[in-house]
1. Which of the peptides 42-48, 74-80 is most tightly packed, and how do the rest follow, going by the mean number of other Cβ atoms within 10 Å of each residue?
2. State the extension gain, in nm to one decimal, for the chain segment bounded by residue 354 and residue 330, taking 0.36 nm per residue of separation less the distance between their alpha-carbons.
3. Just name one of 123, 199, 220: the one whose Cα is farthest towards the positive end of the charge dipole of the stretch 108-236 (beta-carbon charges, Lys/Arg +1, Asp/Glu -1).
4. What are the residues whose amide H is under 5 Å from the amide H of residue 152, where those residues sit 5 or more places off or on another chain and H is modelled from the backbone?
5. Let's see if you can work this out: charge +1 on each Lys and Arg Cβ, -1 on each Asp and Glu Cβ, no other charges. What is the dipole magnitude of the stretch 318-357 about its Cα centre, in debye to the nearest 20?
6. How big is the antiparallel share of DSSP beta bridges in the chain, given as a percent to the nearest 5?
7. Output the peptides 603-613, 132-142, 107-117 sorted from most to least packed, where packing is the average of other Cβ atoms within 10 Å over each peptide's residues.
8. With just the Cα atoms defining each centre, how far is the stretch 602-648 from the stretch 17-75? Give it in Å.
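The values are calculated or read from the model by the stated rules, or taken from the named source; none is laboratory data. Note that the structure is a prediction, hence the values are computed from the model and not measured. Quick reminder, even Gly has a Cβ in these numbers, built from the backbone with ideal geometry, and neighbours come from all protein chains shown. Surface accessibility is based on the protein's heavy atoms, side chains included, excluding ligands, DNA and RNA. Shrake-Rupley method; radii C 1.70, N 1.55, O 1.52, S 1.80 Å.
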Amino acid sequence: MIHLCFVWHMHQPFYKDLRTGEYQLPWTRLHALKDYYGMVKVLEDFPKVHQTFNLVPSMLVQIQEYAEGKAADPFLACAVKPAEDLSDAELKFVLRYFFQANPGRMIYRYPRYGQLFEASKKPGNRFSSQDLRDLQVLSQLAWFDEEFLAHDAEVKALVAKQRNYSLEDQAVMARKQREIIAAVIPNYKEFAARGQIEISTTPFYHPILPLICDSNIAAVSHPGVPLPSRFSYPQDARWQLQNARDFMQREFGRAPVGLWPSEGSVSDEALSIAAEIGFQWAASDNGVLARTLNQSAGPDVTYRSYMWRQNDRQIRMIFRDHFLSDLIGFDYSNIDAEIAAAQFLDRIRVNTQLLSGSGDVLVPIILDGENAWEYYDQNGRPFLRELYRRISESSDMAALTVSEALERDQPRPLDHIFPGSWINANFDVWICAGEDNQAWEYLLRARQKYDEVAPTVDEAARQLAHEELMIAEGSDWWWWYGPEHQSENRPEFDELYREHLTNVYRALNQTPPEELSHPILIEQPSDPNLPPSNSIRPVIDGEVTSYFEWMGAGRYRIDNRPGAMHGQRSLARDLYYGGDNSNFYVRLDFENSAEFSKIELRTQTAVISLLDTPEVESARRKIVEARIPFHLLGISKDQPLQFQLALFNHDVPQEVIPAGGWIKFNPT
């Protein structure tokens, strides 16, 4: 009998900024709409098909927040806001982000969405309020799960309408999102309770465990690669594993016995910790198995289980068939579903016929359970249904959970594991490139600062700083550094990674290093000043009233190194600035509660006190905001401006921003 072990890995990075509470990218929500529910629900029609779903705790935390309506997601806020009320900044935001979907499979599936997509590429084309509302609705419907598109009456009605959506339609779309996301986790619990699926997990924030234990292990996998300063914190690896297991036990009522280490990355030290914590099986790639056994990993060695054992610790191991798994992940999306499913199972039969003996074989098929499907027709459901139907009707195959398959297989012994991941049996994607190594240096410095300062702060601050460190250890930040991968959102990933590290210092009441103000991405400008991209009209209330009110503003990231005026560190963290037809606006964000009594706006021809000049509207609460009419500056709306800000405390200068030179503002 051929025992098929499908392991679907469900994972998204941790997109939430713990300091602001905002989600910086929408992908957890969108994949929760499109993949997480239906990938399990489809099994209801195939009760003989058992599978394993690997759920990453940091993804589940985000899903819970969305399900409870607690997630502050500016992407969702823009999707549900009346189109007529969108600001210029929000309009630009919508047009930038709401077409980030697979054109062939997702955008053009809806003719009106495709029409809007084409229109968006025409220079100077302006969208009407109806155009925008159609875009708001369709850009979300494109991510709805096939189960709801096929069976939910309200969702079907939205799809059938095609265009000219109303505010009521928009409200239905928003409500349905929460309903779908709220059904995700209960769905997994239901199928796990009936025994049709097994739930395994991954270290909490998806770190590359071997590199967290000892980054120098990368030189074993790939001798001679350039490495950063050594990062060696096996206690962090233990935390990531233990907290993942504890979280899953709380949420699902039992601790998972299975582990997909992030990116299939393994080492002896990582496996030892996992075994000690209580995991009973782990999985990796047969490329790692080949390096471990020092031989080709054909079906004769891949279609088996193993028992890794060192000292008094042991853990069962399986190794994914790299070729078969990648066929689903990368190749079958452009092939007819029936042909692809038949070809896939025929390949497995041919592989197993080559094996000697008549015993059972275990075929591990492990891959991403979400990202591949947007390249398939109807999100891959025709392919999966055809595949599951053929397995259910076969007499020589059975789809089992990993634990079920391991009960039926006698393991071979392993006395060590070659350190590597599913990609080329090494760690090159996450270390050794210039950007990768720079990111590791920043992480190491933040980790060392934590060790130095954490004992001196209160428990809440210590926990927050530690949590931010654990988030920053996640593999996803390094996925987008280096030359291997490309995305429209690389700058956002870079900024969010540096923000997590910056938050470590903030929680510890320390000045964040100036280096964290600059992109790690080499192709990004190192200038701390990002010029305005649009006019703005913020509410002057001393609060961040809306995510969007300063969108389009210029941003100057302030040098926070110690050694500002009179030996003090910088009071401010960020300076935002911009204008409209009549006014110039500035905003200052601060690291902590800053002590100052006066702020001067200095130009090359004028000095204006922002807090006590009658014609200047200002507010000082969590932040400082000010509106300065252009006529006070002696310029018109079209003239360029060079300016500085100076902070005083009782007439004693505390800081000048920027410390040298001027910030240039060119009206757009």
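1. 74-80, 42-48
2. So the extension gain works out to 6.1 nm.
3. Of the options given, the answer is 123.
4. Hits under the 5 Å cutoff: none.
5. Result for the stretch 318-357 is approximately 200 debye, rounded to the nearest 20.
6. 60 percent
7. 132-142, 107-117, 603-613
8. That distance is 45 Å.
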